[in-house]
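A.B. asks: Dumping the structure here so I can ask a few things about it.
Quick note: the coordinates plus some simple rules give every number you see, no bench work behind them. Model, not experiment: these values are computed from the prediction. A quick note on method: Cβ atoms are made from the backbone with ideal geometry, for glycine too, and the neighbour counts reach across all protein chains shown.
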Amino acid sequence: MESKSPKQVSKFLRTFSILSFLLVSFTSVQVSIFGYPVPKLDRRVMDHAGILSPNTVNQIETNLKQFEAETSNQIAVYTTPSLHDEVIEDVAIEIFDEWKLGQKSKNNGVLLIIAPAERKMRILVGRGLEGALTDVQAKQIIRNELTPRFKEKDYDGGVTAGVNAIMATIRGEYAPSEDDVQTSGRDSAGDVIPSGIVGGIFTLISLFIPSFGGVIFTIIGLLVILPLLTFLFGGTMGLIAAIILFVLIMFLRRKLGHGLGGGGGSDSGGGYYGGWSSGSDSWSSSDSSDSWSGGGGDSAGGGASGDW
C-alpha cells in the first residue's frame with residue numbers, strides 16, 4: 001500500500017482543521033439553540049418541574065398512548081424547572097429535535113413545553129402536522145385552555161385541557177375563532193430567503209478564489225445561508241446540510257485547482273474527512289410507559305408561545 005507524501009498529509013490536516021473550524025463556528029452561531037441540557041426521553045409526560053399530580057401524569061400518559069396507537073402521532077409534554085436563560089422557542093426546538101418526536105417519514109410530532117418559573121409555555125408542531133395543528137389553532141389552545149387555568153394555578157386542569165385540545169385539533173374537532181392571530185417561533189420566509197441568497201452568492205464566488213481566501217469566503221457564505229437551511233430542514237438537519245455543502249465546496253475547489261495547498265501533485269483517494277449519524281429510522285412504543293422514544297421526526301419550528 002502506497003504511503004501518502006508529506007504534502008498530501010499536510011493538505012489533509014489543513015482541510016480537517018478548516019472543517020473543525022467550521023463546526024465550531026456553527027456551534028457559536030447556534031449557541032442559544034444547543035445550550036439547553038436536554039433530558040433523556042423515557043415517557044410521554046415528563047414533569048421535571050413537579051407541577052402535576054401523579055394521577056394527572058398517568059391519565060395523560062394513557063390518553064397519549066392511546067392517541068398514538070390510533071393515529072401514529074406522537075405528543076410529548078415536558079415541564080422544566082428552568083429555561084437556563086434561554087428563550088423558550090429555542091429550547092423547544094432543541095428538545096423536539098433531540099427527542100425526534102413523530103415518525104421520520106411523517107414528522108408528526110407535537111411538544112407541549114411549560115416553564116412555570118418563567119411563566120412561559122409553547123406548543124411546537126412537527127412539519128407533518130402543521131396543516132392539522134396550525135399556528136392559529138395552537139395560539140387559541142394556549143389562550144383559551146392553558147392560560148386561564150395556569151393563572152389560577154390549576155396546572156393539572158390546564159395541561160389536561162391543553163393536551164385534549166391538541167388531540168381534538170389534530171382530529172379536526174377544534175377550530176380557531178376569527179379573532180385569533182397567527183404566530184410562529186421560527187423566522188418567516190421573507191426574513192431568511194434574502195440572507196440565503198447572499199450566502200449562496202458568497203459560496204459560489206468562493207469557488208473561484210484561490211488558496212485560503214476562498215475557504216474564508218466559503219465559511220462566510222455558509223454562515224449566512226445557515227438560517228435558511230435551518231428554516232427549511234430544522235436545526236439539526238440544517239447544520240448537517242451546511243457541513244455537507246462545505247465538504248462539497250472543498251471537493252469542487254480541488255477539481256478547479258483552488259485547494260488549500262495551492263498547487264502541486266494529485267492526491268490518492270481514500271481520505272477520511274469525518275462523518276455523522278442522523279439516528280435510527282425506527283422507533284418504539286412499548287407497553288411500558290418507562291420505555292418510549294421518538295420516531296425520528298423534526299419540528300420545523302411551527303406552533304405558538306404564551307405566558308401567564
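A.B. asks: In the neighborhood of residue 45, defined by Cβ-to-Cβ distances under 11 Å, what is the net charge if each Lys or Arg adds +1 and each Asp or Glu adds -1?
C.D. replies: Around residue 45, the charge tally is 0.
A.B. asks: Please state, rounded to one decimal and in Å, the Kirkwood hydrodynamic radius that the range 74-130 gives when every pair of distinct Cα atoms enters the mean of 1/r.
C.D. replies: For the range 74-130, inverting the mean 1/r across all distinct Cα pairs yields 11.4 Å.
A.B. asks: Suppose every Lys and Arg Cβ carries +1 and every Asp and Glu Cβ carries -1, with no other charges. What dipole size does the range 45-185 come out with about its Cα centre, to the nearest 20 debye?
C.D. replies: Computed charge dipole of the range 45-185: roughly 220 debye.
A.B. asks: When 101, 229 are ordered from fewest to most other Cβ atoms inside 10 Å of their Cβ, what list results?
C.D. replies: 229, 101
A.B. asks: Next question, about the same structure. Rounded to the nearest 5, what % of the DSSP beta bridges within the range 45-185 are antiparallel ones?
C.D. replies: 40
A.B. asks: log₁₀ I(q)/I(0) of the range 45-185 at q = 0.22 Å⁻¹, via Debye over equal Cα point scatterers, no solvent, to two decimals?
C.D. replies: Per q value, in the given order, log10 I(q)/I(0) is -1.64.
A.B. asks: Moving on to the next point. What is the spin-label model distance, in nm, from residue 70 to residue 254 if the labels are put 7 Å beyond Cα along the C-beta direction?
C.D. replies: Label at residue 70, label at residue 254, 5.5 nm between them.
A.B. asks: Amide H of residue 120 versus every other amide H placed in the peptide plane: which residues, excluding those fewer than 5 positions away on the same chain, fall under 5 Å?
C.D. replies: Hits under the 5 Å cutoff: 115.
A.B. asks: Return the subset of 40/153; 106/153; 40/139; 65/120 for which the Cα-Cα distance in this structure is over 30 Å, preserving the input order.
C.D. replies: 106/153
A.B. asks: Between residue 205 and residue 164, how many nm apart are label points set 7 Å from Cα along the C-beta direction?
C.D. replies: 5.9
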